[in-house]
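Taking it in order: structure first as structure tokens, then the write-up.
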């Protein structure tokens, strides 16, 4: 059955990076709506709380070449959410080593590439949905994030490329990149970003957040993920921003 019915009850949802931050919000919301959730994270310790609440969990490094097959062997997901990734070093480019600059390419992009490719090759069932959680930094840049912005933009391109390939192969799989537009200080990644810019600009965290204006919350992102997965957006495209104003297609 397609997810387009708007029902998650009994559906299989896999969340990569499901143990914390936005990924945790998505896993908890999907579970509350009756989905059978598999939360994937690097270490068992991070997943203990979810396991105690009855969710399926899997400790796995999602950047390893065998990771997608390992996950899909537990059951093909109706909804695959590719979330999480590396936390970049928040320093000016002149102060970064290449390994620090490229960390989000080696983690975020590689994980997205491997799982999207496997979704096409396995393939997932018609009506399945793959959602990549990107970042507004991929649209506007992030001068203290090294290669983070470019990596997040590439995740958006991957969603478009994979949607085109799904259409060409007539697979019926939908690929989406969802792009929260503002830093979320409630998450570990967001707090790191805020701390870095506060040090760089010489202002307080309160001032930085006030200057940034209204922002979406992790809960807003989780609702947007499940809403766009279960009901195709009216606007065409594979890339959508999430802001306090809602979800909108990126032209």
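Values in this text are rule-based calculations from the coordinates and carry no lab data. A quick note: this is a predicted structure, and the numbers were derived from the prediction, not measured. We place every Cβ from the backbone using ideal geometry, glycine too, and count neighbours over all the protein chains shown.
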Legend entry - Gaussian network model of the chain, Cα within-10 Å springs - most flexible of 220, 195, 61: 195
Legend entry - 0 to 90° range, to nearest 10: angle between helix 110-121 axis and the chain longest Cα axis: 20 degrees
Legend entry - Fluctuation leader among 53, 89, 215 - the chain, Gaussian network, Cα springs under 10 angstrom: 53
Legend entry - Principal-axis tilt of helix 21-32 within the chain, Cα atoms, nearest 10 degrees: 30 degrees
Legend entry - Helix-derived mean residue ellipticity, 222 nm - over the chain, DSSP H n ≥ 4, -39500 (n - 2.57), to 500: -12500 deg cm²/dmol
Legend entry - Relative contact order (percent, whole number), the chain, Cα cutoff 8 Å, 6+ residue spacing: 20 percent
Inset, instruction - Mind sorting 251, 149, 217, 19 by how few other Cβ atoms lie within 10 Å of their own Cβ, fewest first? - result: 251, 217, 149, 19
Inset, instruction - Measure nothing fancy, just the Cα-based angle from helix 218-230's long axis to the longest principal axis of the chain, in degrees from 0 to 90, nearest 10. - result: 30 degrees
Inset, instruction - Have a look at 50, 158, 80 and tell me which one the Gaussian network model of the chain (Cα, springs below 10 Å) gives the largest fluctuation. - result: 50
Inset, instruction - Determine, for 99, 112, the number of other Cβ atoms within 10 Å of each Cβ, and report the residues in order from fewest to most. - result: 99, 112
Legend entry - Shape category assigned to the range 181-251 from the gyration tensor of Cα positions, a/c cut at 1.5: prolate
Inset, instruction - Starting with the fewest neighbours, write out 167, 78 ranked by other beta-carbon atoms found within 10 Å of each beta-carbon. - result: 167, 78
